[in-house]
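Participant: Sharing a structure, written as structure tokens. Questions coming.
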Amino acid sequence: MIAVQVVYAGVHDVQRVEVCLPAGSTALQAVEAAGMLAQLPAEAAAPLQLGIHSRRIDGNHVLRDGDRVEIYRPLRLDPMASRRRRAGRG
């Protein structure tokens, strides 16, 4: 068995669930086991974007003990466009 943490940082709160899974489980299985899919806003759930310790992964990624699976929500602003807009004001 492996212990992993599944995390989703919403706009106003952070959801964190620790689950124990059989060795060889995938990131998508961890999210399902945490019961977070039904609670996610539509823009975060489709398509589901995942990562481990800030590195993008797909749902089929095999997890190791101690991994933290992060569920990413889409950015509201493109960071590059925001920087360009600020630079234009100066």
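Bear in mind these aren't lab numbers, they're just calculated from the coordinates by the rules spelled out. Not measured: the values here are computed from a predicted model. Don't worry about glycine lacking a Cβ; one is built from the backbone with ideal geometry, like all the others, and counts go over all protein chains shown.
Participant: Choose one of Leu37, Leu21, Ala81: the residue whose Cα lies farthest towards the positive end of the charge dipole of the chain (beta-carbon charges +1 Lys, Arg; -1 Asp, Glu; about the Cα centre).
Facilitator: Ala81
Participant: Give a residue-ordered list of calculated ³J(HN,Hα) values for the stretch 67-75 (Karplus: 6.51 cos²θ - 1.76 cosθ + 1.60, θ = phi - 60°; whole Hz; x for Gly, Pro).
Facilitator: 5, 10, 7, 9, 9, 9, 9, x, 6
Participant: Would you mind calculating the gained length between Asp78 and Glu18 on full extension (0.36 nm times residue separation, minus the Cα-Cα distance), in nm to one decimal?
Facilitator: Extra length available between Asp78 and Glu18 comes to 18.5 nm.
Participant: Here is a follow-up. So, R0 is 25 Å and r is the distance between the beta-carbons of Ala46 and Val11; what FRET efficiency does that work out to, to 0.05?
Facilitator: Step by step, r from the Cβ atoms, then E = 0.90.
Participant: What is the dipole size for the stretch 13-74, taken about its Cα centre, with +1 at each Lys and Arg Cβ and -1 at each Asp and Glu Cβ, in debye to the nearest 20?
Facilitator: It works out to roughly 160 debye.
Participant: Could you tell me how many degrees, from 0 to 90 and to the nearest 10, lie between the Cα long axis of helix 79-89 and the main elongation axis, the longest principal axis, of the Cα atoms of the chain?
Facilitator: 20 degrees
Participant: Ok, one more. Can you list the residues, at least 5 places off or on another chain, whose amide H is less than 5 Å from the amide H of Ser25, using H built in the peptide plane?
Facilitator: Leu63
Participant: Then there's this: What are the ³J(HN,Hα) couplings of the stretch 8-25, residue after residue, when phi is run through the Karplus curve with 6.51, -1.76, 1.60 and θ = phi - 60°? Round to Hz, x for glycine and proline.
Facilitator: Calculated HN-Hα couplings, in order: 9, 9, x, 5, 10, 8, 10, 9, 9, 10, 9, 10, 10, 10, x, 4, x, 6 Hz.
Participant: Continuing with the same structure: For Ser54, Ser25, what's the fewest-to-most ordering of other Cβ within 10 Å of each Cβ?
Facilitator: Ser54, Ser25
Participant: Rounded to two decimal places and with Rh computed the Kirkwood way over Cα pairs, what is Rg over Rh for the chain?
Facilitator: 1.10
Participant: Add +1 for every Lys or Arg and -1 for every Asp or Glu among the other residues with Cβ under 10 Å from the Cβ of Ala23, and state the total.
Facilitator: The answer is 0.
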